[in-house]
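As structure tokens, the structure follows; a few thoughts come after it.
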Amino acid sequence: MINELTLQKLEWHQLCEALAAEANTIEGHHSCLTLKPSFDILDIELRWQDVIPLRDLLRSGYRPPIGELPEMHLTFRAVSLGQILEGEAIWSVYTLLMMVRNVHQFATDKQDRCKTLAKFYRLIQPLPKLARTIEKTISPDGELLDDASPELTRIRQQKLSMRRKIESTIKQLLSDQDVEAYVQDKFFTIRSDRYVVPMRVDGRGRVKGSIYDTSASGQTLYMELAEVRPMNDALLELESSEKLEILRIFKELSAQIAAELDTIDNNYKQLVELDILTAEASLAVKLDAGTAELRDKPGLNFIRARHPLLEMRQGFKTVANDVSLEEGQLSLIVSGPNAGGKTVVLKTVGLLHLMAKARLLLPLEPRSEVFLFNKIFVEIGDAQNLSTNLSTFSGHLMGLKPVLHEAGPNDLILLDELAVGTEPHTGSAIGQAVLEELANRHAMAIVTTHFDNLKSLALNDQRFRNGSMEFSTKNLTPTYRLVLDIPGQSYGIEVAEQIGLPRHVIERAKDLRGRSSSNMEQILDSWMVLREEAAQEKQRYGQLKLDMESQKHRWEQERAALASSKQDTSAKIKARYQDQIDRLKGEYEGLLEEMRELLKEQKKAPSSPDQLRDLIKDTQNRLDTKGRGLQSSLSDVEREFYSIDKLPGHPATLAELKEGTRVYIISMNKAAVVSKVQGESIEVKAGLIKIKPQLADLRVVSEEKAEAPKTPAKGRAPTTPLQGGKEVSFTIPTLTNSLDLRGMDADTALDRTWSFIDKAVLRGESFVILIHGHGTDTLKRALRRALAKDAPYALDFRPGEPEEGGDGVTVVQLRH
């Protein structure tokens with residue numbers, strides 16, 4: 001059990017108040033305020049399993065509909081003893097029943113998203129019949145409704161009628177001369193549940209009636225007139241009947257509640273438990289808290305731990321710190337500047353351990369490790385006490401006394417400014433002796449100090465580890481970050497300068513410190529400057545890396561957008577050419593049908609040979625024209641979509657790529673050869689340039705397809721070049737390396753060819769394909785003759801292979 005003094009020093013009660021503020025029920029609020037850190041590993045793990053789903057549900061904007069609910073135990077006890085509940089108590093039961101109904105419906109809707117709600121869906125049981133009965137009987141202020149029962153309705157109607165009759169009779173009597181002469185005021189009032197009128201004293205005996213009260217002065221008598229007495233009696237009888245009926249109804253409702261008391265009591269307990277769980281989940285949302293790994297051996301490994309009370313402070317940014325001890329280390333010695341955050345680190349470790357033992361989620365990374373220490377000893381703050389004649393140092397030693405007597409292997413000790421308050425040499429000696437004693441006992445400790453000899457312990461004893469609070473030498477302000485394995489400096493003069501001590505005092509202090517500062521301080525000062533510069537460089541390179549990754553991402557997005565746009569555009573072009581092809585096919589078939597009809601007519605009525613010859617020639621010319629148009633459209637479509645619908649080869653894999661492998665680069669529409677493969681880096685050569693494409697951008701072209709036959713096929717032009725003596729390799733036709741010259745005369749075709757080759761050279765193309773068709777071979781011969789004799793570039797050429805278009809194309813290799 002953690003003692004109360006430890007809880008106070010670690011500000012546990014402030015955290016409980018923050019937790020209680022998230023609860024809605026009175027009992028849930030009280031349970032949060034009195035929460036104690038006293039649970040074991042199994043309880044903690046089971047609790048975290050319930051709170052985590054609720055935390056995630058709250059983050060998504062949903063919260064169980066639990067409103068304000070009074071404490072119900074006294075009501076349940078009264079029912080169990082057979083007592084009759086009053087209206088307010090019965091209405092509180094109704095409030096509970098309606099809350100149960102709402103929570104049950106909420107759990108029904110959200111149980112698939114939250115397994116904790118699925119559990120409560122099974123545990124709570126709505127009682128809609130009892131809720132409707134109470135709702136029809138009692139008002140929210142605890143009064144019975146007029147229609148709570150037929151008898152109550154009759155009685156209250158009779159009461160109302162009787163009151164009206166009495167008031168009417170009194171008004172008439174007040175107008176009577178015998179009465180009016182003695183009336184103090186013309187009004188009536190009620191005394192002892194009976195209607196009376198104020199009369200002067202001299203009216204006694206002159207007006208018939210009974211006196212029920214007098215005024216404080218004795219000058220006014222409150223008299224029940226004789227004519228009104230029978231009606232007052234009747235009204236009192238009705239009121240007695242009403243009270244009996246109310247008692248009967250309350251008794252009946254109490255009996256119905258008693259019959260369902262076990263269910264109601266269980267529902268109440270489950271709602272309070274869910275309210276507490278929701279409060280813990282809500283606090284976890286505010287702290288951005290989660291689980292940690294619970295270890296079974298003593299140790300400390302907090303990753304990005306944050307102080308929970310500072311985390312909840314408005315407008316305050318909490319600095320997260322890693323606080324850990326490695327295997328074999330027992331004490332963390334934290335040094336650094338005053339007001340630099342040393343005590344906050346100390347309290348953070350202690351408070352997070354208390355939260356873990358109380359089953360609360362922790363504001364640190366899930367990779368963190370927590371051991372549940374048996375005891376936590378804390379010595380923080382000024383222990384000076386004038387009433388007991390204790391100085392600061394004496395009070396501090398009194399706080400250390402129980403630590404040295406009781407601390408053991410499974411305990412955690414938190415000591416702030418160890419052995420401070422006396423002469424530094426003596427204080428540091430006591431501090432070192434205390435730390436060594438705790439380490440000998442295998443107790444785990446975190447201490448803060450300014451003593452150099454304590455900082456030096458970690459250099460000579462592996463049981464100790466240094467930590468320092470970072471201080472910006474550039475801004476002369478603490479950063480509140482804990483740096484492990486490095487001792488810290490106090491920076492007392494710098495802090496004094498920030499506070500605003502006189503300038504000449506600061507300068508004198510710097511002069512004195514310069515003469516007497518220790519070697520460790522000088523080394524640490526130089527190291528901190530270098531560390532800060534390294535941190536700035538790291539941040540700069542980190543930003544550069546981020547910018548490069550962002551630029552790469554933008555390039556990839558643009559490439560994907562271009563590919564998508566290309567495909568959309570190609571689809572539109574394809575549709576346009578398809579329409580043209582369909583139209584030409586229709587016209588072509590129409591001409592064929594027309595030819596068939598003419599032949600039929602010719603058989604029936606033969607024309608002269610000249611007419612028949614002209615008709616056949618005309619029809620043949622028209623058919624040839626349509627055929628050429630159809631072929632041209634088909635070729636255009638093939639050229640437009642070759643790179644999309646007929647990509648050569650197959651997708652490349654890293655295993656099959658090696659030096660000399662022929663590939664096709666999809667994004668560039670170019671053929672290339674692999675020149676180097678190193679790990680996942682691929683280098684290919686396309687013409688005169690070398691690039692490193694992505695694996696997904698490459699397709700492997702089969703060797704059979706890549707190598708053209710070396711002997712001429714029958715009826716075809718030879719595959720060897722007509723000029724240059726070198727063989728031109730297989731070339732993949734693309735949109736950028738192919739030129740269609742069909743239908744042009746020789747001069748126009750040559751002009752287009754030289755212009756196309758000029759652009760190909762500028763682009764770095766190694767191969768181009770000239771499409772001239774067969775026809776009468778005039779264009780083909782003129783083109784190849786010009787390539788052999790008049791070409792402005794060094795080149796080789798050959799007729800196309802069947803896969804490239806046969807003798808209807810000429811493949812040109814540009815020798816750069």
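Overview of results
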item	result
The range 38-80, residues that are within 30 Å of SER254 (Cβ to Cβ), of a type outside the set (A, V, I, L, M) and not in a helix (DSSP H, G or I)	PRO64, PRO65, GLY67, GLU68, PRO70, GLU71
Every residue from the range 1-18 that is in a loop (DSSP other than H, G, I, E, B) and either among the acidic types (Asp, Glu) or surrounded by 20 or more Cβ atoms within 10 Å (Cβ to Cβ) (or both)	ILE2, LEU10, GLU11
Residue check, SER240 open to solvent by less than 50 Å² (accessible area, probe 1.4 Å) and not hydrophobic (A, V, I, L, M, F, W, C)	no
Residue that is farthest from ILE134 (Cα to Cα) [pool: residues in the range 81-115 that are part of a loop (DSSP other than H, G, I, E, B), in contact (Cβ under 8 Å) with a residue 60 or more places away in the chain and of a type outside the set (D, E, K, R)]	CYS114
Qualifying residue in the range 19-36 (condition: part of a helix (DSSP H, G or I), modelled with pLDDT of 95 or more and closer than 23 Å to PRO366 by Cα)	yes
Test set (1) within 20 Å of SER168 (Cα to Cα); (2) open to solvent by 80 Å² or more (accessible area, probe 1.4 Å) - LYS251 fails condition number	(1)
Failed condition for GLU237, given (1) outside any loop (DSSP other than H, G, I, E, B); (2) within 20 Å of GLN184 (Cβ to Cβ)	(2)
Among (1) buried (at least 17 other Cβ atoms within 10 Å of the Cβ); (2) closer than 21 Å to ARG295 by Cα - the single one ILE41 does not satisfy	(1)
Selection from the range 443-490 of residues that are open to solvent by 20 Å² or more (accessible area, probe 1.4 Å) and among the aromatic types (Phe, Trp, Tyr)	PHE451, TYR480
Hits in the range 386-407 - residues which are open to solvent by less than 60 Å² (accessible area, probe 1.4 Å) and either within 20 Å of LEU10 (Cβ to Cβ) or modelled with pLDDT under 90 (or both)	LEU390, SER391, THR392, PHE393, SER394, GLY395, HIS396, GLY399, LEU400, PRO402, VAL403, ALA407
Scan of the range 223-244 for residues that are over 30 Å from ASP146 (Cβ atoms) and either among the aromatic types (Phe, Trp, Tyr) or touching a helix residue (DSSP H, G or I) at 6+ places or on another chain (Cβ under 6 Å) (or both), ordered by number	none
Enumeration of residues in the range 25-38 that are crowded, with 19+ Cβ neighbours inside 10 Å and out of contact with any strand residue (DSSP E or B) (no Cβ under 7 Å at 6 or more places or on another chain)	GLU27, GLY28, HIS29, SER31, CYS32, LEU35, PRO37
Hits in the range 128-153 (condition: part of a helix (DSSP H, G or I), more than 23 Å from VAL100 (Cα to Cα) and open to solvent by less than 100 Å² (accessible area, probe 1.4 Å))	GLU151, LEU152, THR153
In the range 190-234, the residues that are surrounded by 14 or more Cβ atoms within 10 Å (Cβ to Cβ) and part of a loop (DSSP other than H, G, I, E, B)	GLU227, VAL228
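The values are calculated or read from the model by the stated rules, or taken from the named source; none is laboratory data. Remember, predicted model here, so these are calculated numbers, not experimental data. Neighbour counts are summed over all protein chains in view; Cβ atoms, including those assigned to glycine, are modelled from backbone coordinates with ideal geometry. The accessibility values were calculated without ligands, DNA or RNA, using every heavy atom of the protein model including side chains. Shrake-Rupley method; radii C 1.70, N 1.55, O 1.52, S 1.80 Å.
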